């Protein structure tokens, strides 16, 4: 076993150990065992950092891959298939290494942060236990080498988010939110599961590597449409987990969980799992599936951005911005900007975690006030938070010199390239929605920064509302008794903010602030070659090229450790080489569109910031009046496009209605038939019984009657007196003699 | 005359018949249980006389054997019957057989 | 060995008969001892079992040895019927991969059931007598290899079950008991007819006589060509398959023969619900795998699609009905219907993944549903109600209970890492891989969502949030100043007590362990299931004909 594999097994199991220790023993440990959680996660991060160092820095090879597996289930010699085993295993490549480092770092920081934020909570120890199982599940997704394992951890992530969202389970809204999150994820999961089933049914294996090998060899026995369907169905898993339209509704509600949880799973890692998964299966997505993915991503990015503009809750704005940014990543994958999407996944994880932890610090300092309308002026009271929050905001808005700028522009460049490659028309909608969303992102983040940190404090303006979050959170508020002054948070909450903000700056990823493509990241994560045979744009000559790559794909089966990316290891300065002509075309056009994308998006971002300034800083336009002027649009945005209401009226009401109907059907029709048969049988039995009683029984009764009456007569002879009996004996004897002698005589 | 001087079998049988009739009469008519019991004894002894008479005139000892058994049995029977009568008296405060009819119905 | 494991409970029953009925504790302990020894025997059989032997059919030449294990075979009833030949009924026991898992499950659930029966207060002696009789009958069904013997055990099960529901049940117990009894009897009458038909159609190759041996019946070459159920008589074979299937389907229970189940569960006392859901339902699907399908493989081939459709109906219909229930126990009962639908779907797939999944699901459903019913019993003992809406916020006051409920509920909804997931997953894998049932599988996955919906909804209504105003319990201030729960009629421990933990913890451990590493149970069945798939495959039938 490779030493990296051993390390990664330790990385995987350590958080589980933390969970097991804390769930059972947290009450018996000092400080409820939080040091165990933080310590173990620190160690996990240390190991992951070592793996990252070895893989990324030492090897610096885009095709690096180590794999290991073991037999999990042995089906024996299956008729029609031959020996069949289900394997579980671990694969480490560049993507895994980067994800490992990212997940463990953010998880570690969130653990550290939570020692401050969750202090004094009734279930303080349990919180760290849940964080442990979440980290375990997420690492499982990252390390898994097959679809079955990823599905297992996928659902376990769902479970962890269920537990964490409902951490304040005594609140009905939290209990609703956790259920909603789990169910929305499950809907996505069944799609993903069907996608897995399509692939398994053809190849009898769950391993990515083997599936890709079989696909590349053209062994897919079903039609091309099924393969497209498999891609789209697998993508459904991502739609659920990464909160894409139409299953995005759970994510904003998931903000019912404690804020560190929002940072960890609903911004940085869990939602990223969807994007990560699509990246893993990227090579088997057919062009048709990619269209669907790109349009879903673009629409999600746009829709969520429009909603974020009007929200008042600081966490909801961030939640919708998360949905919007996830839309970008999905869009990126859909248009074939594979590296850019993953780049954005990583940069977004850091700056969004920073934003959420920052908002958590604000909420903590404001004594669980989440409404931005009653904040303001925090710049002076919370300088550390202000600076880090601003850096992360710049990255989210996509301003130059930030990490978000590089990754977002790479995606948008890819989108332009995609639209050009597809020949324009409707496909320009994808980059168009992307740019519009960039504008809106800049606008709502500018609004947020201004409302929260600038101006004067508006705490006193708040009407005394009954549904005050303060009351709901009273039980876990350690500062309950203190006066309402706003202070900077303690070091254990500040340190994570600083680290995350530092990771939102361009130099970490690329020396050139305008071009992420020149950095190590884009070099290490390169678009793998598709394994799908036919492509729409392939011309006869190019078919041969594709065929060659298929042969190569078959070849790497023999040599484990050589990734699918092996054959694309060589890069030239201007981008990548692609075996697939469609990808190659998009790649070249994207590269050409790079400067164009930077320009448009910079203009958009600038426009957004100017708008925010116009509305909220200079007050040239009153936002309230504008809202009134375009009231229908405002309401649409404010009420989140009414998706919750629509789902409630259709899916939920419908399901419950069907449930009641079927239950009624069961109790009255099905059981009614049974009881009806029973009644009929009884009726028949009754008729039969009547015959029995009057005819058959009559005979019996007559006999009894006869015996009875004759007996009543006879019993009178029984006087009970001995002498009567003697007389009778004598008489009888006498009678016999008379008879005897008469016989003698005649 | 010879019939009158020598006692033949007819005499025995006549005596026995008279005894039997007396006994039967006692059993059938007397109300006192002890008298009924005495009647039974008479009947038994009538039978004994018959046995001995036939035995004497026919030769062989079977009749004697039977009458010995009957005497023994009569003794046992008398003992049991008296015990029953005492118990009946204890329960009914009477030895009147006509009043002891609780077996009826 | 097998005779001992089968008749051990009856021996315990005889001992109980000798114990005066006032000595309740002794009666309970004798039963528990018998169950524990039975469990130990089951483990010994498990250890001694060789998973490489196939089962289902005999080896070449008709010898069951080398295919079945732990065989015990004695002539039992031999009747000379004159010119109709002779009646040869054997006492024939043995296990293969199908039955070994069920033997383990039965021993396990019986033991848990005895522990759970500690709360029975009424006529303890009679209760345990019947309970032990039931345990014997169940175990006998799973190891009998003679159809007649199987039938005897099958019918023997009805009697104690009828009384256990009818005497120790809830308010509407007579109705439920009669319904259960009649339903099952209806099924078994046909079984009797088919059994006799089969007897006259099959020749044991070893003796040349007619036989009731299921081993001989499973090989198509042992059938007389022109006999009533011989290969030439296709129509009667269809009829026989269908009526036999209905007989087993009632037990499963399959839509539309399922309505006895909710009633029986709601009325039955907790341990009987546990036995009913944990073991009895498995007899239906076990019967299909042991008798119904291998005896009539060509009819099975023709009806796979229909069976799959009924499986899908069970899954989705059961889930919807569960969603609408107010009574927690009724909800769990409908969830059983839904989960047994997965078994039917897996069987209909007729490939190794599907059938293994189905058999594994039978085992897992046994443990998980036992857990669910025990948990329902725990709260019913305390609150004397099972209305879901009469609770709320229990998680704050009964944390251990809530924790185990969470594990059980998530196991039931098929969370990975818990055993139910693996079996459901492979049922779907199998069903999708088979072209016959592919589209059925695609519809059935909806069951995953609705399964999650009703379980999570009930979890939320009972355990999360705060106490409802009309809840079945009060909140009082405890001695330590903390708010604590108070039930009106309950003096025991508020959270789970030692006995309840002793029943639940083993099940939780098994559920988690088999969810992570299924091979200890799955490894027992793979060879047999592969052979069964072969027996059922059209290729095999072509060879025979």
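The residues of segment A:174-205 that are facing chain C (nearest Cβ under 9 Å) and either touching a strand residue (DSSP E or B) at 6+ places or on another chain (Cβ under 9 Å) or not in a helix (DSSP H, G or I) (or both) amount to a single one, A:204.
Looking at A:255, A:222, just one residue is outside any helix (DSSP H, G or I) and more than 13 Å from the chain's Cα centre (by Cα), and that residue is A:222. Screening residue C:380 against (1) at the interface with another protein chain (Cβ under 9 Å from one of its Cβ atoms); (2) touching a residue at least 40 places away in the same chain (Cβ under 8 Å) leaves a single unmet condition, (1). Within the bounds of segment A:113-122, is there any residue that is more than 25 Å from residue A:358 (Cα to Cα) and more than 14 Å from every other protein chain (Cβ to nearest Cβ)? No: zero hits.
Listed by position, the helices (runs of 4 or more DSSP H) inside segment C:269-336 whose residues that are within 14 Å of chain A (Cβ to nearest Cβ) number at least 2 are C:297-324.
Within segment C:398-476, considering only helices (runs of 4 or more DSSP H) that don't extend past its boundaries, which have at least 2 residues that are without any contact (Cβ under 8 Å) to a residue 60 or more places away in the chain and within 8 Å of another protein chain (Cβ to nearest Cβ)?
Answer list for segment C:398-476: C:438-444, C:446-463.
Against the conditions (1) within 12 Å of another protein chain (Cβ to nearest Cβ); (2) surrounded by fewer than 19 Cβ atoms within 10 Å (Cβ to Cβ); (3) in contact (Cβ under 8 Å) with a residue 40 or more places away in the chain, residue C:536 satisfies every one except (2). Taken as a whole, the structure leaves residue C:373 outside the set of residues that are at the interface with chain A (Cβ under 9 Å from one of its Cβ atoms), in contact (Cβ under 8 Å) with a residue 60 or more places away in the chain and buried (at least 24 other Cβ atoms within 10 Å of the Cβ).
Look at residue A:152 and say whether it is within 20 Å of the chain's Cα centre (by Cα), facing chain C (nearest Cβ under 10 Å) and closer than 26 Å to residue A:93 by Cβ. Considered against the rule, which asks whether it is within 20 Å of the chain's Cα centre (by Cα), facing chain C (nearest Cβ under 10 Å) and closer than 26 Å to residue A:93 by Cβ, residue A:152 comes out as yes.
Of all the residues in segment C:166-178, those that are surrounded by 17 or more Cβ atoms within 10 Å (Cβ to Cβ) and free of Cβ contacts under 8 Å to residues at least 60 places away in the same chain number 1. Taken as a whole, the condition of being under 20 Å from residue C:511 (Cβ atoms) and touching a residue at least 24 places away in the same chain (Cβ under 8 Å) does not apply to residue C:289.
Assess whether residue A:250 counts as being within 14 Å of chain C (Cβ to nearest Cβ) and more than 21 Å from residue C:431 (Cα to Cα).
Yes: the conditions hold for residue A:250.
Search segment B:74-101 for residues being under 16 Å from residue B:41 (Cα atoms) and touching a residue at least 12 places away in the same chain (Cβ under 8 Å), and hand back the single one that is surrounded by the fewest Cβ atoms within 10 Å (Cβ to Cβ). Among those residues, the one meeting the criterion is B:82.
Is it fair to say residue A:156 is in a helix (DSSP H, G or I) and either surrounded by fewer than 24 Cβ atoms within 10 Å (Cβ to Cβ) or outside the structural domain of residue A:30 (by TED's automatic domain parsing) (or both)? Before the answer, list the steps.
Details: in a helix (DSSP H, G or I): yes; either surrounded by fewer than 24 Cβ atoms within 10 Å (Cβ to Cβ) or outside the structural domain of residue A:30 (by TED's automatic domain parsing) (or both): yes.
Yes; evaluated as a whole, the condition is true for this residue.
Note on segment A:643-700: enclosed helices (runs of 4 or more DSSP H) holding 1 or more residues that are over 27 Å from residue C:456 (Cβ atoms), at pLDDT below 85 and at the interface with another protein chain (Cβ under 9 Å from one of its Cβ atoms) are A:671-691. Total residues in segment C:383-397 satisfying the condition of being assigned to a helix (DSSP H, G or I), more than 18 Å from residue C:490 (Cα to Cα) and within 13 Å of another protein chain (Cβ to nearest Cβ): the figure is 2.
From the list C:163, C:147, C:181, the lone residue that is touching a residue at least 60 places away in the same chain (Cβ under 8 Å) and within 20 Å of the chain's Cα centre (by Cα) is C:147. For segment A:160-173, a residue qualifies if it is facing another protein chain (nearest Cβ under 8 Å), part of a helix (DSSP H, G or I) and surrounded by fewer than 23 Cβ atoms within 10 Å (Cβ to Cβ), and exactly one does: A:172.
Residue selection: residue C:314 fails the criterion of being buried (at least 24 other Cβ atoms within 10 Å of the Cβ), over 26 Å from residue C:456 (Cα atoms) and under 23 Å from the mean Cα position of the chain (by Cα). From the list C:355, C:362, pick out the single residue that is within 13 Å of chain A (Cβ to nearest Cβ), in contact with a helix residue (DSSP H, G or I) (Cβ under 9 Å, 6 or more places away or on another chain), assigned to a helix (DSSP H, G or I) and closer than 18 Å to residue C:521 by Cα. Criteria check complete, one pass: C:355. Of all residues in segment B:57-103, those satisfying the criterion of being in a loop (DSSP other than H, G, I, E, B) and within 14 Å of another protein chain (Cβ to nearest Cβ) are B:94, B:95, B:100, B:101, B:102, B:103. Summed over segment A:21-69, the residues that are in contact with a strand residue (DSSP E or B) (Cβ under 6 Å, 6 or more places away or on another chain) and in a helix (DSSP H, G or I) give a count of 0.
The values are calculated or read from the model by the stated rules, or taken from the named source; none is laboratory data. Because the structure is a prediction, the values reported are computed rather than measured. All Cβ positions, even for glycine, are placed from backbone atoms using ideal geometry, and neighbour counts span all protein chains on display.
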